[in-house]
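Written out below as structure tokens is the structure these notes cover.
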Amino acid sequence: MSDTTFEVRVQRGDRWIIHSTFDVEKEAVTEAEKLLKTKVSGVRVVRDWERDDGRHIEKVLLDKEGVADDQETDVRVSSIDEAPLCDTDNDLLQKESRATINRLLRKYFEQEILTPCEVMYNYQNLRKLMFHDSLMPTAVDKVAGLHAKATDGDHIEAMNNLHGAIEQLAARAREVEKVDLPAFEDATISEVRDEIRSLNLAEDTDFLTMVALTRVMSSTRNWVGKLDLALKVKGDEKDEAARKLLDDVIADILGSPVALKDLLGSSRSFGDAVTRHIDVALGRAKGNRGAADDILDLLNPLFGSGLLATSQDALFDYIVRELKSPNALRRHESEPDPLSDILDRLVSEKGVIYGTAMVEALAERGARLRNVGGPRALIEGVTEICDRLVPNWRKLTWLLAVSNSGIVDDFADELHVMMFDAVKDMRALRAFCDPEAKPRDKMATVTQMNDAVEASNLPDVQKKRIGARLDDGLAEYLVREKVIERIDNPSLHLRKRAYMLVQFCSSGVLIEGKSASMARKRVVGYLKQPNFTDKLVDDIKDMPTKEGTIRDFYALLQRSGF
């Protein structure tokens, strides 16, 4: 690349802002002439030449006034309430920092159609941001204030640390700006990364790979196009390092609400949008009219298989912020409540997706629905969400997640009452389990919830109380549905019945208590029969086969805990 670049600058008030950068003077002048036909106060083309000693020499090649005041959108920093500490350039490149920067400078990124990666690894984009009015100093000041508050430190010192980290990053990006790196034409990121490694350059290979990738990404001026590019160069999914780089890129793109809208199409309501964002993170997204369905078809299996962990975390973090926002989920009261669909996706037999952060967000949404504030806001929100969950195993799942999160520790007694209410009616498991579930699945659900109770942070007395109700309900279900009798079918040979009973005992669908004891008692009854071993193989003539069958059965007994 040349040491000379040509910058197109537009006038905003008393300041000149870099609009775009070119390597060819003619292209810069052509762009400037186009801008003069729009509403700008003035346009300049400036030649920037880097000397051997690193200093930059500028010369104005074109300077013309426009026909109207600059009407560009006023870009300001967005409000944030937390920011990770950043003392070095590598700290800035981490996913938490990039996500914060994405929120902080969201208006700028959406105006320029750029991501944090494209700015951090591309010196021209970074320099343009640094010279964009007072945007960078304002952002640094805001983040420094949060850092100083979090650490009880000095605001000025925090600002100096941030400016130092930014200068370190700018120096690295500037150092490699002129380096001729491999292109991504018909090449995967793994192949480009391997080629860069073979060059034996001083800079880190992953850093240079991102520089090469963001060069081509920056030339794509729409969000879906950037996603399409990232997915086309993804290469071998077994290349963990390359996959992680692309995961970072996709996380930055999906951190833009505009990008999500372009990907999924317009939504009927805010709640519908939240639901679709959850589906993207879970790898089962379907777009509305105008959606980029071909991109969704590529993204879904990647999210569904867990190959985009950083992007998934970024999406769930965004969903948490959406649920905590004051935006109404539906436009009119007559519309179906999207919260039901949201809860169906977030509350499963494995708990609440995304843990404590999502639990708190849902509780806050519940409190907002009840229009409750003050110290009881969260416990009221917890109750609101609980009332919306059916069947009762989902209530218990939610309440256990709330208990484990610690967000309503001051109202533990109320929480325990709600938990016991969730297991109060265990008759035939009708209220506790899904009505359409198969008997085996119902038993597995009860046992799984018992395991969740045991693994929770509940006091032992509450664990025993709730566990006893679950065990009683499961034992009663075994009797009511004659589960053991159906397995122990007299029309079958003793060996088949014995095998099925032992396997049932060790299948994981029974609680170690009354229910497991009932099944084990039937097996022990068989074992105590006179001549049980002879009866087990009385239909087998071949002696080696008999001996092998007996050995296999007693090995199964041992594995099953008998």
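The values are calculated or read from the model by the stated rules, or taken from the named source; none is laboratory data. It should be emphasised that the depicted structure is a prediction, and the values quoted were computed from it without experimental measurement. A quick note on method: Cβ atoms are made from the backbone with ideal geometry, for glycine too, and the neighbour counts reach across all protein chains shown. Note: areas computed on protein heavy atoms with side chains; ligands, DNA, RNA excluded. Shrake-Rupley method; radii C 1.70, N 1.55, O 1.52, S 1.80 Å.
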**Single residue of the stretch 378-434 satisfying the filter (basic (Lys, Arg) and assigned to a helix (DSSP H, G or I)) that is most open to solvent (accessible area, probe 1.4 Å)** = ARG427
**Item:** Lone qualifier among ALA230, ALA241, ALA202, ALA212 - being assigned to a loop (DSSP other than H, G, I, E, B), free of Cβ contacts under 8 Å to residues at least 60 places away in the same chain and small (Gly, Ala, Ser)
**Value:** ALA202
**Asked** Does the stretch 35-46 contain any residue that is among the hydroxyl-bearing types (Ser, Thr, Tyr), over 25 Å from SER218 (Cα atoms) and either touching a strand residue (DSSP E or B) at 6+ places or on another chain (Cβ under 7 Å) or without any contact (Cβ under 8 Å) to a residue 60 or more places away in the chain (or both)?
**Response** yes
**Of residues in the stretch 48-69 being open to solvent by less than 90 Å² (accessible area, probe 1.4 Å) and under 44 Å from the mean Cα position of the chain (by Cα), the one farthest from ARG172 (Cα to Cα)** = ASP48
**Residue check for VAL372: part of a loop (DSSP other than H, G, I, E, B) and not acidic (Asp, Glu)** = yes
**Asked** How many residues are out of contact with any Gly (no Cβ under 8 Å at 6 or more places or on another chain), buried (at least 18 other Cβ atoms within 10 Å of the Cβ) and outside any loop (DSSP other than H, G, I, E, B) if we restrict to the stretch 147-191?
**Response** 8
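Quickly run through the stretch 542-562 and pick out the residues that are open to solvent by 70 Å² or more (accessible area, probe 1.4 Å) and free of Cβ contacts under 8 Å to residues at least 24 places away in the same chain.
Here is the first cut: in the stretch 542-562, the residues open to solvent by 70 Å² or more (accessible area, probe 1.4 Å) are 542-544, 547, 551-552, 554, 558-559, 562.
Result: ASP542, MET543, PRO544, GLU547, ARG551, ASP552, TYR554, GLN558.
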**Prompt:** Within the stretch 497-515, is there a residue that is without any contact (Cβ under 8 Å) to a residue 12 or more places away in the chain, closer than 22 Å to SER560 by Cα and open to solvent by 60 Å² or more (accessible area, probe 1.4 Å)?
**Reply:** yes
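Report yes if LEU315 is in contact (Cβ under 8 Å) with a residue 40 or more places away in the chain and open to solvent by less than 20 Å² (accessible area, probe 1.4 Å), otherwise no. Lay out the reasoning, then the answer.
Working: in contact (Cβ under 8 Å) with a residue 40 or more places away in the chain: yes; open to solvent by less than 20 Å² (accessible area, probe 1.4 Å): yes.
The answer is yes for LEU315.
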**Qualifying position, being touching a Gly at 6+ places or on another chain (Cβ under 9 Å) and modelled with pLDDT under 95, among ASN300, ASN288** = ASN288
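Please tell me if TRP393 is closer than 24 Å to ALA431 by Cα and touching a strand residue (DSSP E or B) at 6+ places or on another chain (Cβ under 9 Å).
Numbers: closer than 24 Å to ALA431 by Cα: yes; touching a strand residue (DSSP E or B) at 6+ places or on another chain (Cβ under 9 Å): no.
It is false that TRP393 is closer than 24 Å to ALA431 by Cα and touching a strand residue (DSSP E or B) at 6+ places or on another chain (Cβ under 9 Å).
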**Request:** Taking the options LEU343, LEU298, LEU362, name whichever one is open to solvent by 40 Å² or more (accessible area, probe 1.4 Å) and of a type in the set (A, V, I, L, M).
**Result:** LEU298
**Asked** Across the stretch 454-466, what is the total count of residues that are assigned to a helix (DSSP H, G or I) and either of a type in the set (Asp, Glu) or open to solvent by 10 Å² or more (accessible area, probe 1.4 Å) (or both)?
**Response** 8
**Message:** So, restricting to helices (runs of 4 or more DSSP H) that lie completely within the stretch 247-311, which ones have at least 1 residues that are over 25 Å from LEU329 (Cα atoms)?
**Reply:** 293-304
**Request:** Please specify each residue of the stretch 443-467 satisfying the condition of being hydroxyl-bearing (Ser, Thr, Tyr) and either closer than 21 Å to ASP409 by Cα or free of Cβ contacts under 8 Å to residues at least 24 places away in the same chain (or both).
**Result:** SER456
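Report whether or not ARG330 is in contact (Cβ under 8 Å) with a residue 12 or more places away in the chain, over 17 Å from SER403 (Cβ atoms) and in a helix (DSSP H, G or I). First the steps, then the outcome.
Details: in contact (Cβ under 8 Å) with a residue 12 or more places away in the chain: yes; over 17 Å from SER403 (Cβ atoms): yes; in a helix (DSSP H, G or I): no.
Here the answer is no, as ARG330 does not meet what is asked.
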